[in-house]
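What follows is one structure encoded as structure tokens, with my remarks underneath.
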Amino acid sequence: MTRFVHPLAMRRLNVGELLDSLDGAVIPGGCDDCDAEQRVERIRHLGRVTKITVMHDDDCPALARKTGRW
Ligand SMILES: [Zn+2]
């Protein structure tokens, strides 16, 4: 059996390297009321800022509550 080890798993990452490795990641979840996904984005021109945006389904009741669209 051949086992693949990702190069990033070969050593400990500092927080910045870890967040850099997650740049562009789409992670399922983030809302209990819909099939949301979370999008991770590093904002390099702002230094150490990482933005995680929760993308809700258009008909999500939690999103409607938050935006007052009832
Ligand atoms: Zn939602």
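The values are calculated or read from the model by the stated rules, or taken from the named source; none is laboratory data. It should be emphasised that the depicted structure is a prediction, and the values quoted were computed from it without experimental measurement. Don't worry about glycine lacking a Cβ; one is built from the backbone with ideal geometry, like all the others, and counts go over all protein chains shown.
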**Item:** Test: Asp35 is surrounded by 13 or more Cβ atoms within 10 Å (Cβ to Cβ) and touching a residue at least 12 places away in the same chain (Cβ under 8 Å)
**Value:** no
**Item:** Qualifying residue in region 49-64 (condition: within 14 Å of the ligand (Cβ to nearest atom), among the basic types (Lys, Arg) and out of contact with any Cys (no Cβ under 9 Å at 6 or more places or on another chain))
**Value:** no
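Do you know which residues across region 35-48 are within 16 Å of the ligand (Cβ to nearest atom) and over 9 Å from the mean Cα position of the chain (by Cα)? Spell out how you get there, then give the answer.
Initially, region 35-48 is screened for residues within 16 Å of the ligand (Cβ to nearest atom), giving 35-39.
Asp35, Ala36 - these are the residues of region 35-48 that are within 16 Å of the ligand (Cβ to nearest atom) and over 9 Å from the mean Cα position of the chain (by Cα).
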**Prompt:** Any residue in region 19-34 that is among the charged types (D, E, K, R) and either within 14 Å of the ligand (Cβ to nearest atom) or in a strand (DSSP E or B) (or both)?
**Reply:** yes
**Message:** If I filter region 1-18 down to residues being outside any loop (DSSP other than H, G, I, E, B) and at pLDDT below 80, which single residue comes out as surrounded by the most Cβ atoms within 10 Å (Cβ to Cβ)?
**Reply:** Leu8
